[in-house]
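K.L.:
Sharing a structure here in structure tokens format.
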Amino acid sequence: MDFRKFRFVYGVITLSLIVSGCVSAKEEKVEEGAASKPPAVRETVATPTTAGIREYILKDSAAKLLTPNQVGSLDSRILELARNEIYARHGYEFKRKDLRDYFTTKPWYHADAAYKEELSPIEKQNVAFLRTYEAKYAAYKLEPAHTDDFHLRDYTGDAGFKQKKMNVDLNGDGRDEEIQLIPPDTELHAFKLKVNDITLEVDSELLPYLDIVDLDIDDPYFEIALQMDSQMDFLRATSFYLYDGQTLKQIGELPDFSAHISMFDGHGRVISAEESKDFQTWFRNVIFRLDAGHMLHEEQQDFYPMDPPTPLKIKKEITVQTRKDGTEDVSSLEPGANVKFLGDDKLGHIKLQTSTGREIWYTMGDEYVDYNDFFGGLILYD
């Protein structure tokens, strides 16, 4: 996706920014053995959530052919689990620990060393169908967008496989919800998110598709993620929604694009990129976690690294210290010294590295200071 950047320069330097995406885990490869007759499959019954877990991702994948409206907007982790769920019904013994741990929590799963990876014709077609969508998702990447800041990410690839309408079991009760993202009639109206008979108005600059994600594979819920596009990076955002069977609510609005699998770990942790203009203009990685009430809250960190570090040149003498929380080993840096901006703690403490590799702290004051007067090479825009 090609985003134009409209930034207002408040310094003399306008630089581009970029961030690296994470790579999803390697999928479990299961060979499909030939069978003289379709293998027996343990019965799949739509049952309520058991002890706070989801029993099935796609409860009918052993008996019915899957459709785009069932899988087209599922994130790649859900797709991989759904594919392996087909084998798990037969008792396949998983070699990967994460898959083994996931399926051993399901009351219907019983490992069977005698299972020879045989599938029925419908199951074979569904495995191939799911692999096709895993490949589509893998080609639709969230990748670095600028060379000077790896925290900022843009999408690349074709999102045409993503859906506006989905039939997905969102709360793990064994019944599919009808989910729809309804575009606005005019520019003055908003998008609408509809789940069954509940409708919410949402921002009108959303990307025109749904993302169904699983922020925590250990709970019964899938979440709906809606990503807001903008020509200005700092205005981009991702809203997450939870449907619990009775209510539909927003559980968090995070900065930047956060619905891609590379931005969450499947265990309640989500990463976003937040803009800062305290010292220079840059984007920090900020971490959010699901709480006991299934709401996303930011997790404060001791240090937020700049990646890659920004090379700077001292223009006026500054006072620095070895420790940010005291006045020990106070020294100064003279004009002409080369340093790197390593990041900050969001509390006004700037971490620098000298040309000899020594790490030091510079403390910002409460009053406004034009740091261009002290540092050359700052990234300044907006």
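K.L.:
Students often forget the sequence filter, so: which aspartates and glutamates lie under 19 Å Cα-Cα from LYS192 once same-chain residues fewer than 8 apart are removed?
P.N.:
Within the straight-line limit of under 19 Å, LYS192 reaches these aspartates and glutamates: GLU177, GLU178, GLU201, ASP203, GLU205, ASP211, GLU223, ASP229, ASP244, GLU253.
K.L.:
For the chain, what is the percent of antiparallel DSSP beta bridges, rounded to the nearest 5?
P.N.:
95 percent
K.L.:
What's the FRET efficiency of PHE303 with LYS106 using the Cβ-Cβ distance as r and R₀ = 41 Å, to the nearest 0.05? Walk me through the numbers before you get to the answer.
P.N.:
On the way: r = 40 Å, r/R0 = 0.97.
That gives a FRET efficiency of 0.55.
K.L.:
Apply the Karplus parameterisation 6.51 cos²θ - 1.76 cosθ + 1.60, with θ equal to phi minus 60°, to every residue of the range 53-60 and state each ³J(HN,Hα) to the nearest whole Hz, in sequence, with x for glycine and proline.
P.N.:
Each residue's phi maps through the Karplus curve to give 10, 8, 7, 9, 7, 10, 5, 10 Hz.
K.L.:
Turning to a different aspect of this structure: If you stretched the chain out fully between ASN372 and GLN231, how much longer would it get, using 0.36 nm times the residue separation minus the C-alpha to C-alpha distance?
P.N.:
Values: separation 141, 0.36 × 141 = 50.76 nm, distance 2.66 nm.
Length difference between fully extended and current span is 48.1 nm.
K.L.:
Moving to a separate point now. Can you give the convex hull volume of the alpha carbon atoms of the chain per residue, in Å³?
P.N.:
On the way: hull volume 64.0 nm³, N = 382.
Dividing the Cα hull volume of the chain by its residues yields 167 Å³.
K.L.:
Apply 1/(1 + (r/R0)^6) to the Cβ-Cβ distance of LYS346 and THR319, taking R0 = 25 Å, and write down the FRET efficiency to the nearest 0.05. Before the final figure, lay out each step's value.
P.N.:
Details: r = 21 Å, r/R0 = 0.84.
Efficiency for this residue pair is about 0.75.
K.L.:
Where Rh is the Kirkwood radius over the Cα pairs of the range 161-301, the temperature 4 °C and the viscosity 1.567 mPa s, what D in µm²/s does Stokes-Einstein return? Please report the intermediate quantities before stating the final value.
P.N.:
Details: Rh = 15.7 Å.
It diffuses with D of about 83 µm²/s by this estimate.
K.L.:
Relative contact order for the chain: what is it in percent, counting Cα pairs under 8 Å that are at least 6 residues apart?
P.N.:
Details: 819 pairs, mean separation 61.6, N = 382.
Normalised by residue count, the contact order of the chain is 16 percent.
K.L.:
Still on this structure: Please say if the range 305-376 is rounded, prolate or oblate, where rounded means a/c under 1.5 for a ≥ b ≥ c the square roots of the C-alpha gyration tensor eigenvalues, and otherwise the choice is prolate for a/b larger than b/c and oblate otherwise? It would help to have the intermediate numbers written out before the result.
P.N.:
Working: a/c = 1.13, a/b = 1.08, b/c = 1.05.
Here the range 305-376 falls in the rounded category.
A short reminder: the numbers here are calculations on the coordinates, not readings from a lab. Not measured: the values here are computed from a predicted model. For neighbour counting, all protein chains shown are included, and Cβ atoms are generated from backbone atoms with ideal geometry for every residue, glycine included.
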